[in-house]
């Protein structure tokens with residue numbers, strides 16, 4: 001093939017890169033490749049094929065009807081990449097690597113010895129190493145980040161006071177977090193109001209604390225009481241007449257009591273008395289009398305402790321083994 005020798009300072013448009021060519025000219029610059037071929041090798045310390053486009057077009061475009069549009073491999077062991085995408089401008093929002101698909105994954109990562117997809121950021125702003133957005137409008141559940149695996153589906157690691165894994169909801173109907181185990185039909189959800197709902201038990205090594213607000217607006221923490229077995233409680237105030245009081249258990253509370261198990265009633269008189277005791281207990285209520293045949297007319301507080309209807313009968317069960325979690329190397 002014959003090439004026309006370019007005249008100095010002239011612009012020549014060449015639209016085809018010939019196989020084996022060492023110099024190709026474009027309307028915007030000069031492209032140098034060391035024997036660009038369909039197959040083969042080169043000894044260059046730089047790139048075997050390099051294309052600079054100083055206009056608004058692309059650098060390299062690859063298309064295929066059934067194979068890979070652009071394919072890269074490397075046998076390097078020093079951290080190089082099979083395909084590397086770099087955006088060098090410090091302004092704007094250009095992407096280092098962009099993937100889009102109409103029938104599969106936009107970007108798919110697999111590895112047999114390390115992380116399938118890994119992201120890092122050195123931005124001083126609140127940006128993430130990996131960010132996922134579910135921004136579809138089909139009315140279905142669009143997932144920002146989806147993880148599945150025999151090991152860890154999604155893992156996050158952070159230092160310097162950052163956040164390892166962060167999830168955000170920007171409307172009133174989107175759950176902040178949702179996880180499920182389809183095999184056991186169990187799930188755990190943090191809804192848009194930050195309410196935690198789990199089908200299983202919540203287990204921790206330290207006491208449960210609940211945040212409250214004091215009268216002066218100060219946020220304080222209160223400790224939850226602990227019990228050797230599952231219990232549910234209710235409290236109230238009643239009045240006795242002529243030394244006797246018949247107290248009906250609130251029907252809503254009675255509906256969640258395990259009626260095959262005994263319940264307990266604790267009394268606190270609100271006045272001078274010879275003493276109070278529970279004379280009769282039934283599934284719908286209990287009777288309180290004053291000791292020694294007393295006939296006082298006074299109020300008293302009561303506390304009922306019962307076993308929940310759907311609770312097991314275990315008592316101080318053995319704690320489940322803690323699975324060791326290992327961050328990526």
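The values are calculated or read from the model by the stated rules, or taken from the named source; none is laboratory data. Note that the structure is a prediction, hence the values are computed from the model and not measured. Counting neighbours? That spans all protein chains shown, and the Cβs are built from the backbone with ideal geometry, glycine included.
Quick rundown of the values:
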{"read-out": "Single condition residue 269 does not satisfy, out of (1) within 52 Å of the chain's Cα centre (by Cα); (2) loosely packed, with under 12 Cβ neighbours inside 10 Å; (3) modelled with pLDDT of 95 or more", "value": "(2)"}
{"read-out": "Residue list for segment 274-291, restricted to those being modelled with pLDDT of 95 or more and more than 19 Å from residue 231 (Cα to Cα)", "value": "275, 276, 277, 278, 279, 280, 287, 288, 289, 290, 291"}
{"read-out": "Residue in segment 304-311 that is under 23 Å from residue 234 (Cβ atoms) and surrounded by fewer than 13 Cβ atoms within 10 Å (Cβ to Cβ) present", "value": "yes"}
{"read-out": "Residue in segment 148-170 that is in contact with a strand residue (DSSP E or B) (Cβ under 8 Å, 6 or more places away or on another chain) and either under 30 Å from residue 113 (Cα atoms) or at pLDDT 90 or above (or both) present", "value": "yes"}
{"read-out": "Residue that is within 30 Å of residue 169 (Cβ to Cβ) and at pLDDT 75 or above, where the choices are 69, 129, 62, 99", "value": "99"}
